[in-house]
Amino acid sequence: MKWASTVSDAPQLATAIADAGAALRLQLGGATPDLILAFISAHHHGEYERVPELIAAQFGNGLLLGCSAGGVIGGGKEIEQRPGVSLTAATLPGVDVAPFHVDAGAMPTPNDPPAAWERSLAVPNAIDPNATPHFLLLPDPFSIDSEVLLRGLDRAYPASTKLGGLASGAQQPGANALFLGRALHRAGVVGVALSGDIAVDTIVAQGCRPIGQPMFITRCQQNLLWELDGQPAMQVLQDLYEQLEPEDQALIQHSLFLGIVMSEHQQQYRQGDFLIRNLIGTDPTRTALAVGALLRENSVVQFHLRDAKTSSEDLRQLLSRYRTQLSTARPRGALLFSCLGRGAHLYGRPDHDTDAFRQHIGDVPLGGFFCNGEIGPVHGSSFLHGYTSSFGVFRRRLSD
């Protein structure tokens, strides 16, 4: 297994793909890749139709998977607010690569049996756990309900990793591009299922730190949070605000989130144990908090804040923790699906997340793009995130 990644900021699409293709062939030592991931900035929107043929001219029969992007990532660089093409390629001996495209009208519901999802994607759920498929997903945010998609895939393929990001760069339906093989799609979801001699590790950096104390939800209704530890939620929040330092009081005005503990059996909670969800307002009486998630009584939650410093520290801690867990396993390649709200917009400089990755994990080929939503697991369940960097690290499963 060998991976390679690069970017080009050449203003002409054909030149950018040719330059990136030449760099990838050099990194791969002339080997023909089995999978090519292409992320193309919206500056090239008038030529999206040419992408499959230009990629085929560079790599022959290698399978293309990709989409339009608000910004692109590759070769240790992040390109934002200017033309960019990211190409990442992999030779995958012993790995089965199964491509699929599903339109919203043909997508099963989460309540449909797993067999319906297997037929829709043409991806069987292996009986042998060593042959479990792992999914790379690139949905169009205008035409696919990604949360429904993930619930269905989790039910149909519970042992599989689901990773990816929502296509970006467009402001209206039909303007994003989804690339699969020689085809360009304007709606639905494209993806691949990878099975065989491949393992996928995930690092989901949600970029928040907790404030206050963990509390039980003692009264809620759907996404409305009424009581925490028997106290009105709005009163709890007001009391918390008065205890904060002025810097955090300023943050709470625009960067307050709710973390939901994903493992009910834990007694102590640390980074990565929470699913971070937006606070989207209050109910009409202003006595309950509206949360961007369905809530359950007796769940443990904690308020969180996000800023550049917190996001940076969160990412570095998660990468450091992952590095200590690697043991003798050797990463061969990686993908990064990062929120459009991160990057230079958040940190004030480019390449923050890619620099952190290389510092902790090493010189592993890393590609990806800036998404309209990021897909990654938290405690074994798949979620659509915001303001998150979701990494997938690929290595051989059977041997190194």
Inset, instruction - Could you check Thr218 against (1) more than 24 Å from Asp353 (Cβ to Cβ); (2) assigned to a loop (DSSP other than H, G, I, E, B); (3) among the hydroxyl-bearing types (Ser, Thr, Tyr) and say which number it fails? - result: (2)
Legend entry - Condition check for Ser68: in a strand (DSSP E or B) and either at pLDDT 95 or above or buried (at least 20 other Cβ atoms within 10 Å of the Cβ) (or both): yes
Inset, instruction - Considering only residues that are within 13 Å of Gly169 (Cβ to Cβ) and in contact with a helix residue (DSSP H, G or I) (Cβ under 6 Å, 6 or more places away or on another chain), look in segment 72-96 and name the one that is surrounded by the most Cβ atoms within 10 Å (Cβ to Cβ). - result: Val85
Inset, instruction - Go through the residues of segment 157-175 one by one and say whether even a single one is in a helix (DSSP H, G or I) and surrounded by 17 or more Cβ atoms within 10 Å (Cβ to Cβ). - result: no
Inset, instruction - State yes or no: is Pro108 crowded, with 16+ Cβ neighbours inside 10 Å and part of a loop (DSSP other than H, G, I, E, B)? - result: yes
Inset, instruction - Having 3 or more residues that are touching a strand residue (DSSP E or B) at 6+ places or on another chain (Cβ under 7 Å) is the bar; report the helices (runs of 4 or more DSSP H) wholly within segment 307-400 that clear it. - result: 308-325, 352-361
Inset, instruction - State the number of residues belonging to segment 215-235 that are at negative phi, open to solvent by 20 Å² or more (accessible area, probe 1.4 Å) and either without any contact (Cβ under 8 Å) to a residue 24 or more places away in the chain or not β-branched (Val, Ile, Thr) (or both). - result: 13
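Matching residues to (1) open to solvent by 10 Å² or more (accessible area, probe 1.4 Å); (2) under 22 Å from Glu80 (Cβ atoms); (3) polar (S, T, N, Q); (4) over 26 Å from the mean Cα position of the chain (by Cα):
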| residue | (1), (2), (3), (4) |
| --- | --- |
| Ala10 | yes, yes, no, yes |
| Ala16 | no, yes, no, no |
| Gly29 | yes, no, no, yes |
| Leu37 | no, yes, no, no |
| Ile40 | no, yes, no, no |
| His44 | no, yes, no, no |
| Ile55 | no, no, no, no |
Inset, instruction - Within segment 366-383, identify whether any single residue is among the aliphatic types (A, V, I, L, M) and open to solvent by 10 Å² or more (accessible area, probe 1.4 Å), and answer yes or no. - result: no
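The values are calculated or read from the model by the stated rules, or taken from the named source; none is laboratory data. Predicted, not measured: the structure shown is a model, and the values here were computed from it. Cβ sites come from the backbone with ideal geometry, for glycine too, and all protein chains shown count toward neighbours. To get the accessible areas, we keep the full protein, side chains included, count just its heavy atoms, and leave off ligands, DNA and RNA. Shrake-Rupley method; radii C 1.70, N 1.55, O 1.52, S 1.80 Å.
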